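Report on one structure; see the data block that follows.
Rule-based calculations on the coordinates, nothing more; no lab input. A quick note: this is a predicted structure, and the numbers were derived from the prediction, not measured. Cβ sites come from the backbone with ideal geometry, for glycine too, and all protein chains shown count toward neighbours.
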Amino acid sequence: MIEGGTISLKWLRGWTSCLLVALAAWLLFAPDAKAAGCPPIQDKPDSTPHVDYAGVQHLTYCYGPVAVKPGQNIIRLNPTNLFPQVPGYITRFDPELVYESGTVPRVDVLHLHHAVWVVNFNPQFATGEEKSILQMPPGFGWRSRPTDSWLLNDMIHDLVGVPASVYVVWRLDFVPDTAPAAASIKTVHTKWMDVSGPNIYPVFDALRKMGRHGQYTFPDEATGTSVQDIGPDSKWTVDRPATLISTVGHLHPGGLSTHLNVDRAGKTNRLFTSSANYYEPAGAVSWDVAMGATPPNWRVTVQPGDTLSVHATYDAKRADWYEVMGIMPIAVYYGTDAGGVDALSKDVDVPGVLTHSHLEENRNHGGEPVSYYADPRLIPSVPAPAGPIGIEAYQYAQGDLTAFGSAANPPSVIRGQSLTYINHDAEPAENTFHTLTACRAPCNKSTGIAYPVADGQVSFDSGQLGFNYAGFGAPAADRDTWTTPNDLKPGTYTYFCRIHPFMRGSFKVLKKNGKEKK
Ligand SMILES: [Cu+2]
């Protein structure tokens, strides 16, 4: 892990600056992970078929073991030499996260929030928990040379506060130059399209008050301060004739689709919609999803001056979605001798193909009745303490739904007043972030990938309480306290931690006469 950086995330705009930091840090600190043997790893169900070449190699790289600290939700950027050491073409990229045994962690326990493989200072491959497989159509691949520099930017999120040891895995199909097929492979480059990029943590909020008709499309419908989250990578003006070969979207839970548009001389055309196919029984609320990728015969030519743009659409009915992404890297061939249809043609936006089906690690959905969480509506409140209410060892000190004795009583304030919370787990030795995020009372069902969600009767969210001690190493809010809104109506409010959703708590707002609302 890269320690000792002093640049805060807020000011870190752009890959270049963060990569320079990473390289500087590399000179000072040895990488914490080295090449290692791989455990046996299962193929994803219904994986996109391999494109076969004479002499193609199926390579598996396991990065780690990575020591996952309890409760961590940090971003790391490390160099790696885990890539082909002879020249050739990468034609397929299949990401995974496994324990040392080769088992894929349950997504409600530990997951790969995202990972980006940065090759020669350009983000080239990426994944989130949707784990799309990138398969280039026949005749296309990413050029790979032993002299390339590779960096892995990963964010491994431990949801349960238990240490773990994992490998980040990438499985490549590689056609070395010594294979006759290599001579006819055309080189693609990844053009990074990202609604909030470039940024080491490119996120925006998609909340129920935003958008129209229960959906919110970013950046199109962004207003007010949300406009600040629009990044330059949301658009790309093409500077030479090129052919778009492949793309697939990256979203978070709540995401419905990403799409790619082209603008040419006042005309707009939709090039591709990457739709989220939820296996999740509860709908668009979890990581139990696969994204539609372009089919192998999708091929679109663009001209200098064309402007491409990426857009992300989220559900805005069910819940609030904080710190979400909309990324759509495109594999681009800088030539026009590969066929394809013009970007303004009709029917370019063909249906996508799923690169795998339901993943076993997504089977624990949550939302079942359990006895270990109280219903805080039934528990009398106690006046809130004068000082801030602590959060420590994954518990809210007053009003936690798992607490015993007097700690179980929800703290209360009179209408018009507010409560303040402080995250003691944010101290450097722990460096664990927590949130207070409104969920619908009583918010006391079992934890899983689909429960709880930020569906409170009112919306509030503390942000990730904690500090970016490692420079850009975290998505923390750079503060450890949060004060509740002072305009809440009398009632019982429940909340959870977005980082560790088993954490649940409550507080009450009393009527002006000091009585609880019945
Ligand atoms: Cu937490």
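Observations
- According to the calculation over all Cα-Cα pairs in the range 300-399, the P(r) per 10 Å bin from zero is 8, 20, 24, 17, 12, 12, 6, 0 %.
- Normalised by the number of residues in the range 367-518, the average gap of Cα pairs under 8 Å and 6 or more apart makes the relative contact order 28 percent.
- Sequence-distant residues sharing a close amide H with V68 (under 5 Å, placed H): A164, S165, V166
- Mean shadow area of the range 39-109 over all directions, Cα convex hull, nm²: 6.7
- Over all other residues within a Cβ to Cβ distance under 9 Å of S381, the charged ones net out to 0, with Lys and Arg as +1 and Asp and Glu as -1.
- Filter on K235/K267; K186/K267; K69/K508; K209/K489; K209/K267 - keep pairs with C-alpha separation over 25 Å: K186/K267; K69/K508; K209/K267
- Pairwise centroid distance, computed over Cα atoms, of the range 377-395 with the range 37-110, Å: 43
- Shown here: the range 471-518, whose C-alpha atoms stretch 48, 22, 11 Å along the first, second and third principal axes, sorted largest to smallest.
- Acute angle (nearest 10 degrees) that the helix 15-28 long axis makes with the longest principal axis of the chain, alpha-carbon atoms: 90
- Loop sites in the range 315-414: trypsin sites (Lys or Arg not before Pro), DSSP, at most 12 other Cβ within 10 Å: K346
- Kirkwood radius for the range 99-256, taken over all pairs of different Cα atoms as the inverse mean of 1/r, rounds to 18.5 Å.
- Footprinting exposure proxy for D461, D487, D288 (fewest neighbouring C-beta atoms within 10 Å first): D487, D461, D288
- Relative contact order (%) - the range 9-362, alpha-carbon pairs under 8 angstrom, separation at least six: 21
- With N the number of residues in the range 216-285, Rg(Cα) / (2.2 N^0.38 Å) evaluates to 1.33.
- In this label model, V160 and V227 are separated by 4.6 nm, measuring between points 7 Å along each Cα→Cβ vector.
- Secondary structure note: in the range 367-518, about 70% of the DSSP beta bridges are antiparallel.
- Averaging Cα coordinates gives a centre for the range 135-205 and one for the range 302-327; these two points are 21 Å apart.
- In this label model, A54 and D478 are separated by 5.8 nm, measuring between points 7 Å along each Cα→Cβ vector.
- When restricted to Cα atoms, the range 367-518 yields an Rg and a Dmax of 14.8, 48 Å, respectively.
- Column: log10 I(q)/I(0), Debye, Cα scatterers of the range 9-362, q = 0.09 Å⁻¹: -0.47
- Beta bridge orientation in the range 9-362: antiparallel %, DSSP, nearest 5: 95
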